[in-house]
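K.L.:
I am attaching a structure below and will ask some questions about it afterwards.
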Amino acid sequence: MRALVVDHDAPGGLRLTEVPDPVPGPDEVLVRVAATSLNHGELPRTGNAAAAPGTVPGWDAAGTVERPAASGAGPRAGERVVTWGWSGGWAELRAVSVTDLAVLPDEVDFVRAAALPVAGLTALRALRRAGTEPGHRVAVTGASGGVGHFAVQLARLQGAEVVAVVGDRARGAGLAELGAHQVVTDPAEIGAPVHILLDHVGGPLLARLLDRMADGGTVISIGATSGLDTPIAPYQLVGRRLTLVGIQAGGRVSADLAHLARLVAEERLRVSAGRVADWRSAGDLAEDIVARRVRGKAVLTVS
Ligand SMILES: NC(=O)c1ccc[n+]([C@@H]2O[C@H](COP(=O)([O-])OP(=O)(O)OC[C@H]3O[C@@H](n4cnc5c(N)ncnc54)[C@H](OP(=O)(O)O)[C@@H]3O)[C@@H](O)[C@H]2O)c1
């Protein structure tokens with residue numbers, strides 16, 4: 001089969017080539033992948049910088065079950081599924097556990113489905129972990145990105161008042177339509193205190209946002225895309241109790257994936273794919289993500 005493999009000398013660190021087909025375990029289905037998406041944290045220029053050349057990355061993939069699991073568990077041949085895993089998604093065929101997928105509603109096409117797993121699950125779980133309630137003020141940094149676009153919408157669906165924090169005005173385009181009450185480029189623009197902060201950026205921006213937190217607020221640290229240290233001065237915490245939580249993707253995903261797909265089918269959640277491209281341009285697209293030239297998700301179609 002063909003797959004995108006790590007090649008640190010290629011554009012974006014990715015090359016399309018022939019590799020052996022995956023061999024499914026007893027509780028794994030074999031999926032013919034139609035679309036996949038790229039996440040910031042799995043690119044050879046970012047989180048996969050230490051990956052061995054020739055390995056097949058890929059967390060998210062959507063397609064059709066070609067061969068059901070030998071154990072008899074999970075979906076049947078021909079069913080349309082969205083899948084998650086730590087590798088192997090950027091390929092024509094993916095072997096994936098029946099616990100790491102959801103069957104897709106007819107209304108959800110593969111392109112939108114492929115955008116859901118890591119970005120959608122992370123946003124959903126971060127808001128759940130934070131205990132989001134109607135009326136909470138929720139700020140999202142890196143709101144222009146893949147997780148950010150889902151976080152803004154899911155927070156709004158939960159009745160929160162949403163503040164999207166972005167790098168500049170152009171990066172914030174479309175976020176008000178997705179549900180953000182406020183789109184800001186500087187923490188100083190935020191008025192009333194924030195109860196929940198979903199942070200994807202870290203660094204000085206995170207430090208400044210701590211000053212905007214309400215007493216008893218919760219900061220969920222999802223990513224540190226800026227790569228910068230966060231200079232917190234002790235006085236910033238005096239007189240306030242804040243909870244700081246780091247989260248990690250993974251665990252049992254089927255029910256949450258099915259929930260996200262249902263929200264898309266019901267048109268309550270939009271998949272905001274700033275870029276959809278043939279997987280032959282994966283390397284260029286990966287470079288564009290790192291250079292902040294993509295808004296929302298980047299999806300690849302497998303041809
Ligand atoms: N903990 C977990 O399980 C988990 C799961 C998913 C993602 N993550 C992490 O969460 C972060 C967001 O993921 P994503 O897939 O949404 O990424 P993304 O689509 O690339 O979005 C990241 C956003 O960060 C902002 N940013 C600020 N400084 C940046 C810099 N120096 N370089 C690049 N972007 C910068 C950009 O917004 P502006 O241009 O508007 O500033 C960009 O839109 C990443 O760090 C990722 O690794 C963690």
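The values are calculated or read from the model by the stated rules, or taken from the named source; none is laboratory data. The model shown is predicted, which means the values in this text are computed figures rather than measured ones. All Cβ positions, glycine included, derive from the backbone under ideal geometry; neighbour counts span all protein chains shown. Accessible surface areas use protein heavy atoms only, side chains included; no ligands, DNA or RNA. Shrake-Rupley method; radii C 1.70, N 1.55, O 1.52, S 1.80 Å.
K.L.:
What about residue 149, is it in the same structural domain as residue 227 (by TED's automatic domain parsing) and closer than 21 Å to residue 290 by Cβ?
P.N.:
Working: in the same structural domain as residue 227 (by TED's automatic domain parsing): yes; closer than 21 Å to residue 290 by Cβ: yes.
Criteria met by residue 149.
K.L.:
Could you list, in sequence order, the residues of segment 97-124 that are among the β-branched types (Val, Ile, Thr) and either more than 15 Å from residue 37 (Cβ to Cβ) or open to solvent by 10 Å² or more (accessible area, probe 1.4 Å) (or both)? Spell out the reasoning first.
P.N.:
Within segment 97-124, the subset among the β-branched types (Val, Ile, Thr) is 98-99, 103, 108, 111, 118, 122.
Once the filter is applied, which keeps residues that are among the β-branched types (Val, Ile, Thr) and either more than 15 Å from residue 37 (Cβ to Cβ) or open to solvent by 10 Å² or more (accessible area, probe 1.4 Å) (or both), segment 97-124 yields 98, 99, 103, 111, 118, 122.
K.L.:
For segment 35-54, name all the residues that are assigned to a loop (DSSP other than H, G, I, E, B), touching a Leu at 6+ places or on another chain (Cβ under 9 Å) and of a type in the set (A, V, I, L, M).
P.N.:
Pass one, segment 35-54, residues assigned to a loop (DSSP other than H, G, I, E, B): 39, 43-54.
Among the residues that remain, those that are also touching a Leu at 6+ places or on another chain (Cβ under 9 Å) are: 43-44, 49.
Once the filter is applied, which keeps residues that are assigned to a loop (DSSP other than H, G, I, E, B), touching a Leu at 6+ places or on another chain (Cβ under 9 Å) and of a type in the set (A, V, I, L, M), segment 35-54 yields 43, 49.
K.L.:
OK, next. Considering (1) among the hydrophobic types (A, V, I, L, M, F, W, C); (2) without any contact (Cβ under 8 Å) to a residue 60 or more places away in the chain; (3) not in a loop (DSSP other than H, G, I, E, B), say which one residue 180 fails and leave the rest.
P.N.:
Going through the list (1) among the hydrophobic types (A, V, I, L, M, F, W, C); (2) without any contact (Cβ under 8 Å) to a residue 60 or more places away in the chain; (3) not in a loop (DSSP other than H, G, I, E, B), residue 180 breaks only (3).
K.L.:
Here is a follow-up. Open to solvent by less than 20 Å² (accessible area, probe 1.4 Å) and under 12 Å from the mean Cα position of the chain (by Cα): is that true of residue 127 in this structure?
P.N.:
Values: open to solvent by less than 20 Å² (accessible area, probe 1.4 Å): yes; under 12 Å from the mean Cα position of the chain (by Cα): no.
Answer is no for this residue.
K.L.:
Something else now. Collect the residues in segment 243-292 that are open to solvent by 50 Å² or more (accessible area, probe 1.4 Å), touching a helix residue (DSSP H, G or I) at 6+ places or on another chain (Cβ under 8 Å) and not β-branched (Val, Ile, Thr), keeping them in residue-number order.
P.N.:
Scanning segment 243-292 gives 259, 268, 270, 275, 284, 287, 292.
K.L.:
May I ask you to verify whether residue 4 is crowded, with 20+ Cβ neighbours inside 10 Å, in contact (Cβ under 8 Å) with a residue 60 or more places away in the chain and over 26 Å from residue 67 (Cβ atoms)?
P.N.:
Numbers: crowded, with 20+ Cβ neighbours inside 10 Å: yes; in contact (Cβ under 8 Å) with a residue 60 or more places away in the chain: yes; over 26 Å from residue 67 (Cβ atoms): no.
No.
K.L.:
In segment 279-293, is there at least one residue being closer than 20 Å to residue 154 by Cα and touching a His at 6+ places or on another chain (Cβ under 9 Å)?
P.N.:
Of the residues in segment 279-293, the ones closer than 20 Å to residue 154 by Cα are none.
No, because not a single residue in segment 279-293 is closer than 20 Å to residue 154 by Cα and touching a His at 6+ places or on another chain (Cβ under 9 Å).
K.L.:
Has segment 203-217 got any residue that is in a loop (DSSP other than H, G, I, E, B), open to solvent by 40 Å² or more (accessible area, probe 1.4 Å) and within 16 Å of the ligand (Cβ to nearest atom)? Walk me through how you get there before you give the answer.
P.N.:
Looking only at segment 203-217, we keep the residues that are in a loop (DSSP other than H, G, I, E, B), and these are 211-212.
Next, from what is left, pick out any that are open to solvent by 40 Å² or more (accessible area, probe 1.4 Å): 211-212.
Checking the rest, the ones that are also within 16 Å of the ligand (Cβ to nearest atom) come to none.
So far as segment 203-217 goes, no, none of its residues is in a loop (DSSP other than H, G, I, E, B), open to solvent by 40 Å² or more (accessible area, probe 1.4 Å) and within 16 Å of the ligand (Cβ to nearest atom).
K.L.:
Another question, if that's okay. Before we move on, is residue 55 of a type in the set (Val, Ile, Thr), in contact with a strand residue (DSSP E or B) (Cβ under 8 Å, 6 or more places away or on another chain) and either away from the ligand (no atom under 16 Å from the Cβ) or open to solvent by 40 Å² or more (accessible area, probe 1.4 Å) (or both)? Give the steps one after another, and end with the answer.
P.N.:
Working: of a type in the set (Val, Ile, Thr): yes; in contact with a strand residue (DSSP E or B) (Cβ under 8 Å, 6 or more places away or on another chain): yes; either away from the ligand (no atom under 16 Å from the Cβ) or open to solvent by 40 Å² or more (accessible area, probe 1.4 Å) (or both): yes.
Against the criterion (of a type in the set (Val, Ile, Thr), in contact with a strand residue (DSSP E or B) (Cβ under 8 Å, 6 or more places away or on another chain) and either away from the ligand (no atom under 16 Å from the Cβ) or open to solvent by 40 Å² or more (accessible area, probe 1.4 Å) (or both)), residue 55 qualifies.
K.L.:
Restricting to segment 58-89, name every residue that is open to solvent by less than 10 Å² (accessible area, probe 1.4 Å) and polar (S, T, N, Q).
P.N.:
Result: 83, single match.
K.L.:
Could you check segment 9-34 and list, in sequence order, the residues that are β-branched (Val, Ile, Thr), surrounded by 15 or more Cβ atoms within 10 Å (Cβ to Cβ) and assigned to a strand (DSSP E or B)?
P.N.:
We begin by selecting, within segment 9-34, every residue β-branched (Val, Ile, Thr); these are 17, 19, 23, 29, 31, 33.
Keeping just the survivors that are surrounded by 15 or more Cβ atoms within 10 Å (Cβ to Cβ) gives 19, 29, 31, 33.
29, 31, 33 - these are the residues of segment 9-34 that are β-branched (Val, Ile, Thr), surrounded by 15 or more Cβ atoms within 10 Å (Cβ to Cβ) and assigned to a strand (DSSP E or B).
K.L.:
Which condition number does residue 289 fail, the rest of (1) within 16 Å of the ligand (Cβ to nearest atom); (2) assigned by TED's automatic domain parsing to the domain that holds residue 199 being met?
P.N.:
(2)
K.L.:
Here is a further query. Can you tell me how many residues within segment 190-202 are outside any strand (DSSP E or B), at pLDDT 95 or above and either in the same structural domain as residue 293 (by TED's automatic domain parsing) or more than 14 Å from the ligand (Cβ to nearest atom) (or both)? Let's see the steps before the verdict.
P.N.:
Initially, segment 190-202 is screened for residues outside any strand (DSSP E or B), giving 190-193, 200-202.
Keeping just the survivors that are at pLDDT 95 or above gives 190, 192-193, 200-202.
Applying the additional criterion that residues be either in the same structural domain as residue 293 (by TED's automatic domain parsing) or more than 14 Å from the ligand (Cβ to nearest atom) (or both) yields 190, 192-193.
Looking only at that region, the number is 3.
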